[in-house]
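Enquirer: I'd like to ask some things about the structure below.
The values are calculated or read from the model by the stated rules, or taken from the named source; none is laboratory data. Fair warning: this is a prediction, and the values are worked out from it, not measured in the lab. We place every Cβ from the backbone using ideal geometry, glycine too, and count neighbours over all the protein chains shown.
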Amino acid sequence: MTSERLTFCRFCHAFCPIRVTVENGRAVKIIGDKDNSMYHGFTCRKGRELPAQHAHPERLLHSVERHSDGSYRAITSAQAIDAIARRLSAIIDEHGPRSVAMYTGTFTHHYPSGTAFAMAFMAAIGSPMLFSPSTIDQPGKPMAVAFHGRWNAGPTAFHDADTWMLVGANPLVSMWGGIPQFNPAKRLHDARKRGLKLIVIDPRRSEVAQKAEVFLQPKPGEDPTILAGMVRVILSEGLIDEAFADEHVEGLAALRAAVEPYTADYVAARADVFATDVVKAARLFAAGPKGMVSCGTGPNMAPRGTLTEYLVLVLNTLCGRWVKEGEPIPNPFALMPEGENKAQPEPRPEKAYGFGETMRVRGLATSAAGVPTAAAAEEILLNGEGQVRALLTVGGNPMAAWPDQLRTFDAMKSLALGVTLDIKMSATAKLCDYVIAPKLSLESPSITKPNEALTFYGVSPGYPEPYAQYGPVVAEPPAGADVIEEWEFFYGLAQRMGLELNVEGTVVDMVNKPTSDEVLEMLTRGSRIPLSEVKKHPHGHIFSDPSIVAKPKDDDWVHRLDVGAAEMMAELDEVAEEAFYEHGGYDGDPVFSHRLISRRMKDVYNSNGRDLDKLVRQNSSYNPAFMNPADLEALNLVAGDVVEITSNRTSIYGIVEEAPDVRPGAISMAHAWGDAPEHDTSVRFIGSNTGRLVDNTRRFDPRSGIPIMSAIPVNVRKADNQLDA
Ligand code: SF4
């Protein structure tokens with residue numbers, strides 16, 4: 001029997017609405033839903049490969065348990081939960097709740113029920129050791145907001161903008177970073193047709209950079225220098241929004257003083273860009289009159305990511321680019337409660353970092369970005385009271401994603417109990433005691449609420465309008481499979497351990513298990529639009545209400561946006577005093593020839609999709625080391641050569657590819673590839689892990705703990721062993 005069902009894709013965070021052709025319970029074909037008013041039928045190759053992902057021959061259809069000889073044997077999910085609950089209880093009894101840590105990876109964004117139950121489980125056992133990608137991906141965003149303050153009514157929407165600036169972001173590929181990721185190519189095309197001027201700063205002339213009116217291609221790691229230079233132009237030429245600054249901003253004098261050294265000539269010489277382009281970009285952005293700067297992942301992974309994100313906020317604030325009193329609120333939410341929507345800054349937190357749980361290593365503690373994930377491996381390896389002995393991983397792959405892979409590898413091997421929920425035997429799964437086989441997206445219901453919540457994460461990454469969709473179950477798991485939803489795993493654990501779960505304010509019935517839809521009701525309690533109403537719109541719907549506009553500032557309101565935060569100004573001073581780098585290394589490093597920068601690849605999503613034939617056939621099954629042709633010639637390399645890329649920490653293999661879009665001196669490589677060291681000679685099939693080049697304990701941000709994960713100083717040379725395919 002064949003039918004067509006409507007839901008949304010969860011291969012990546014864009015959540016594109018799809019029509020799924022289902023034959024006898026199995027998904028066989030995916031197309032975009034042209035009747036959807038937000039995405040207009042957009043999908044990408046990854047989403048169209050969902051049927052292959054669901055039916056992949058290597059997909060885990062049963063949970064597995066590792067035996068003493070290292071082999072894995074199938075086990076029912078109920079037996080696995082029994083055993084894990086027993087072992088966790090024993091560890092907690094002997095070592096306390098802190099000895100149990102959790103890593104909720106990128107995919108927890110896509111499965112909100114699992115995330116909510118995972119967090120409720122950690123709260124129930126009383127462990128603060130909840131690690132996430134937030135501190136190793138874009139920690140600069142929440143940190144910068146903590147220093148600068150948040151504008152309650154939110155940022156100007158992309159569809160209202162006259163000018164937009166992207167710093168190290170390529171939304172046409174990453175579906176992230178400034179242009180709303182819901183059919184970004186169409187949005188950019190439409191915006192440019194109506195006159196939007198685009199400015200891009202990136203060491204690579206990326207797909208989106210090719211559409212820019214002004215493009216600056218700096219040395220990697222120089223984003224703060226360029227942004228400070230632009231701030232200086234805007235201040236010195238009197239291009240700020242004076243009325244907005246008078247009423248809502250503080251710290252201008254300190255900012256003026258701190259950016260004084262950043263003349264256009266200084267910036268040009270240091271970042272290797274044209275001084276005229278720095279001035280042109282500043283003037284074009286300030287002319288607006290509407291539009292914002294937003295920043296991608298790379299600049300956050302590079303040194304001084306918080307300063308970069310802070311200067312992004314400063315530029316937006318100087319030009320008054322926030323929703324003002326009486327202007328419509330672009331997204332007053334649908335599956336979340338309606339916001340306050342006041343045209344005023346929110347109070348800043350007392351501390352941006354150094355609060356909450358303190359790590360036992362390097363003086364790190366919780367920050368606005370969360371518990372520092374870069375400390376997790378050390379917390380596992382360091383003996384003594386409080387040592388982490390069990391790690392539960394959901395929606396993530398620490399062996400691929402965490403920085404400093406060698407340290408992660410040692411840590412994973414030393415755990416008393418490693419558990420992961422994964423669809424395959426990933427690099428992390430292969431080091432765990434239990435791997436729970438989960439349901440996939442077409443087999444479980446979900447909601448688009450996580451993309452609404454992104455509104456609070458930097459500038460414009462969430463839905464630009466109050467859009468919502470409910471995605472029902474549209475396909476059955478393969479015959480004979482014993483797969484469960486993530487939330488069911490944590491519910492089952494809590495039941496067996498005698499715990500009570502509180503999920504976003506709802507005390508869960510621990511006797512009568514809720515249904516998946518009842519769980520979604522828990523997650524949408526108090527939403528502006530009831531879930532039952534959203535369900536009436538199977539194509540998804542924009543729940544507009546033009547009457548929702550930004551309210552006036554409260555009469556006695558004293559809070560202001562701070563553009564002169566002392567720590568950020570001190571960091572600007574530090575940067576201005578640093579020596580320029582001629583080679584790849586930072587001050588005091590040995591000489592390095594290149595800097596390795598991170599990137600996304602169109603056909604994979606972090607470590608996901610590399611095993612799907614049609615995706616890898618389009619390109620390759622590895623993450624190439626993209627280099628400028630001039631660099632290849634200088635190093636006597638040709639495309640396809642295996643190179644050894646060496647950092648201060650260690651070496652990895654890479655396979656070079658000629659890329660005129662990458663500036664000389666840079667190597668552009670996607671992260672989250674490869675496997676454990678013993679698989680390195682398979683680089684032509686599995687790629688390399690750039691995280692292995694990172695040393696967590698050297699040159700890390702003392703606030704969020706993020707080490708240098710992009711703009712990594714490296715040397716490169718042709719490998720002695722070409723590992724011929
Ligand atoms: S961009 Fe592609 S992978 Fe991401 S949700 Fe849309 S179809 Fe799925």
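Enquirer: Pairs under 6 Å by beta carbon, first residue at positive phi and of a type in the set (Gly, Ala, Ser) in the range 175-202, partner part of a loop (DSSP other than H, G, I, E, B) and buried (at least 24 other Cβ atoms within 10 Å of the Cβ), six or more apart or different chains?
Expert: From the range 175-202, the pairs are Gly177/Ala169; Gly177/Gly296; Gly178/Ala169.
Enquirer: Filter the range 1-18 down to the residues that are among the hydroxyl-bearing types (Ser, Thr, Tyr) and near the ligand (Cβ under 7 Å from one of its atoms) and list them by number.
Expert: none
Enquirer: For the condition surrounded by fewer than 24 Cβ atoms within 10 Å (Cβ to Cβ), in a strand (DSSP E or B) and either in contact with a Ser or Thr (Cβ under 7 Å, 6 or more places away or on another chain) or outside the structural domain of Gly480 (by TED's automatic domain parsing) (or both), what is the one hit in Thr366, Thr420? It would help to see each step written out before you state the result.
Expert: On the way: Thr420 fails: surrounded by fewer than 24 Cβ atoms within 10 Å (Cβ to Cβ).
Answer to the check: Thr366.
Enquirer: Does Thr7 qualify as being in contact with a strand residue (DSSP E or B) (Cβ under 6 Å, 6 or more places away or on another chain) and outside any strand (DSSP E or B)? Steps first, please.
Expert: Details: in contact with a strand residue (DSSP E or B) (Cβ under 6 Å, 6 or more places away or on another chain): yes; outside any strand (DSSP E or B): no.
In short, no.
Enquirer: For the range 545-575, which positions are out of contact with any helix residue (DSSP H, G or I) (no Cβ under 8 Å at 6 or more places or on another chain) and part of a loop (DSSP other than H, G, I, E, B)? Can you show your working first?
Expert: We begin by selecting, within the range 545-575, every residue out of contact with any helix residue (DSSP H, G or I) (no Cβ under 8 Å at 6 or more places or on another chain); these are 545-552, 554-559, 570, 574.
Residues satisfying the conditions are Asp545, Pro546, Ser547, Ile548, Ala550, Pro552, Asp554, Asp555, Asp556, Trp557, Val558, His559.
Quick grid of which residues meet (1) farther than 30 Å from Pro51 by Cβ; (2) at pLDDT 85 or above:
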site: Leu572; (1), (2): yes, yes
site: Arg595; (1), (2): yes, yes
site: Asn606; (1), (2): no, no
site: Asp631; (1), (2): yes, yes
site: Arg663; (1), (2): yes, yes
site: Ile667; (1), (2): yes, yes
site: Ala670; (1), (2): no, yes
site: Glu678; (1), (2): yes, yes
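Enquirer: Scanning the range 19-40 for residues that are touching a residue at least 24 places away in the same chain (Cβ under 8 Å) and within 11 Å of the ligand (Cβ to nearest atom), which turns out nearest to the chain's Cα centre (by Cα)?
Expert: Looking at residues that are touching a residue at least 24 places away in the same chain (Cβ under 8 Å) and within 11 Å of the ligand (Cβ to nearest atom), I get Tyr39.
Enquirer: Now for a separate question. Could you identify the single residue in Ser113, Ser134 that is among the hydroxyl-bearing types (Ser, Thr, Tyr) and either part of a strand (DSSP E or B) or farther than 15 Å from Leu421 by Cβ (or both)?
Expert: Working: Ser113 fails: either part of a strand (DSSP E or B) or farther than 15 Å from Leu421 by Cβ (or both).
Residue meeting the stated conditions: Ser134.
Enquirer: Enumerate the pairs (first residue in the range 243-254 and of a type in the set (A, V, I, L, M); second residue anywhere and assigned to a strand (DSSP E or B) and crowded, with 17+ Cβ neighbours inside 10 Å) with beta-carbon separation below 7 Å, excluding pairs fewer than 6 apart on the same chain, so at least 6 apart or on different chains.
Expert: Close Cβ pairs satisfying both conditions: Val249/Leu561.
Enquirer: Can you find even one residue in the range 342-350 that is assigned to a loop (DSSP other than H, G, I, E, B), small (Gly, Ala, Ser), in contact with a Lys or Arg (Cβ under 7 Å, 6 or more places away or on another chain) and not assigned by TED's automatic domain parsing to the domain that holds Ile91? Before you say what the answer is, go through the steps one by one.
Expert: Taking the range 342-350 and keeping what is assigned to a loop (DSSP other than H, G, I, E, B), we get 343-344, 346-350.
Checking which are small (Gly, Ala, Ser) leaves us with 343.
After this cut, where a residue has to be in contact with a Lys or Arg (Cβ under 7 Å, 6 or more places away or on another chain) as well, the list is 343.
Cutting the leftovers down to not assigned by TED's automatic domain parsing to the domain that holds Ile91 gives us 343.
Yes.
Enquirer: Name the single residue that is farthest from Ile125 (Cα to Cα) among those in the range 486-495 being surrounded by 22 or more Cβ atoms within 10 Å (Cβ to Cβ) and touching a helix residue (DSSP H, G or I) at 6+ places or on another chain (Cβ under 7 Å).
Expert: Step one: of the range 486-495, the residues surrounded by 22 or more Cβ atoms within 10 Å (Cβ to Cβ) are 486-491, 493.
After this cut, where a residue has to be touching a helix residue (DSSP H, G or I) at 6+ places or on another chain (Cβ under 7 Å) as well, the list is 486-487, 489-491, 493.
Numbers: Glu486: 18, Trp487: 16, Phe489: 15, Phe490: 12, Tyr491: 13, Leu493: 11 Å.
Out of the qualifying residues, it is Glu486.
Enquirer: OK, next. Could you please let me know if Ile179 is outside any strand (DSSP E or B) and either over 25 Å from Gly339 (Cα atoms) or not aromatic (Phe, Trp, Tyr) (or both)?
Expert: Details: outside any strand (DSSP E or B): yes; either over 25 Å from Gly339 (Cα atoms) or not aromatic (Phe, Trp, Tyr) (or both): yes.
Judged against the criteria, Ile179 is a match.
Enquirer: Using beta carbons and a limit of 8 Å, which pairs, at least six apart or on different chains, have the first residue in the range 2-13 and in contact (Cβ under 8 Å) with a residue 12 or more places away in the chain and the second one among the acidic types (Asp, Glu) and within 11 Å of the ligand (Cβ to nearest atom)?
Expert: Partner pairs satisfying both residue conditions: Leu6/Asp33; Phe11/Glu49.
Enquirer: Which one is nearest to the chain's Cα centre (by Cα), of the residues in the range 52-72 that are within 16 Å of the ligand (Cβ to nearest atom) and crowded, with 20+ Cβ neighbours inside 10 Å? Even if it seems obvious, please write down each step before you answer.
Expert: Here is the first cut: in the range 52-72, the residues within 16 Å of the ligand (Cβ to nearest atom) are 52-54, 56.
Still in the running and crowded, with 20+ Cβ neighbours inside 10 Å: 53-54.
On the way: Gln53: 22, His54: 24 Å.
My answer is Gln53.
Enquirer: Working carefully through the options Thr690, Thr646, find the one that is surrounded by 19 or more Cβ atoms within 10 Å (Cβ to Cβ), away from the ligand (no atom under 16 Å from the Cβ) and under 15 Å from Val716 (Cα atoms).
Expert: Details: Thr646 fails: surrounded by 19 or more Cβ atoms within 10 Å (Cβ to Cβ).
None of the other options fit; the residue is Thr690.
Enquirer: Filter the range 608-628 for residues that are within 16 Å of the ligand (Cβ to nearest atom), more than 19 Å from the chain's Cα centre (by Cα) and in a loop (DSSP other than H, G, I, E, B); which is modelled with the lowest pLDDT?
Expert: In the first step, residues of the range 608-628 are kept if they are within 16 Å of the ligand (Cβ to nearest atom); the result is 608-612, 614-616, 618-619.
If we keep only those that are more than 19 Å from the chain's Cα centre (by Cα) too, we end up with 611-612, 614-616, 618-619.
With the extra rule that they be in a loop (DSSP other than H, G, I, E, B), the set shrinks to 611-612, 619.
Details: Asp611: 80, Leu612: 84, Asn619: 54.
Once the filter is applied, the top-ranked residue is Asn619.
Enquirer: Considering each residue of the range 403-428, count those that are within 13 Å of Ala676 (Cβ to Cβ) and of a type outside the set (Lys, Arg), and give that number.
Expert: Residues of the range 403-428 within 13 Å of Ala676 (Cβ to Cβ): 405-413, 425-428.
Of the ones still in play, those that are also of a type outside the set (Lys, Arg) are 405-406, 408-412, 425-428.
Total meeting the criteria: 11.
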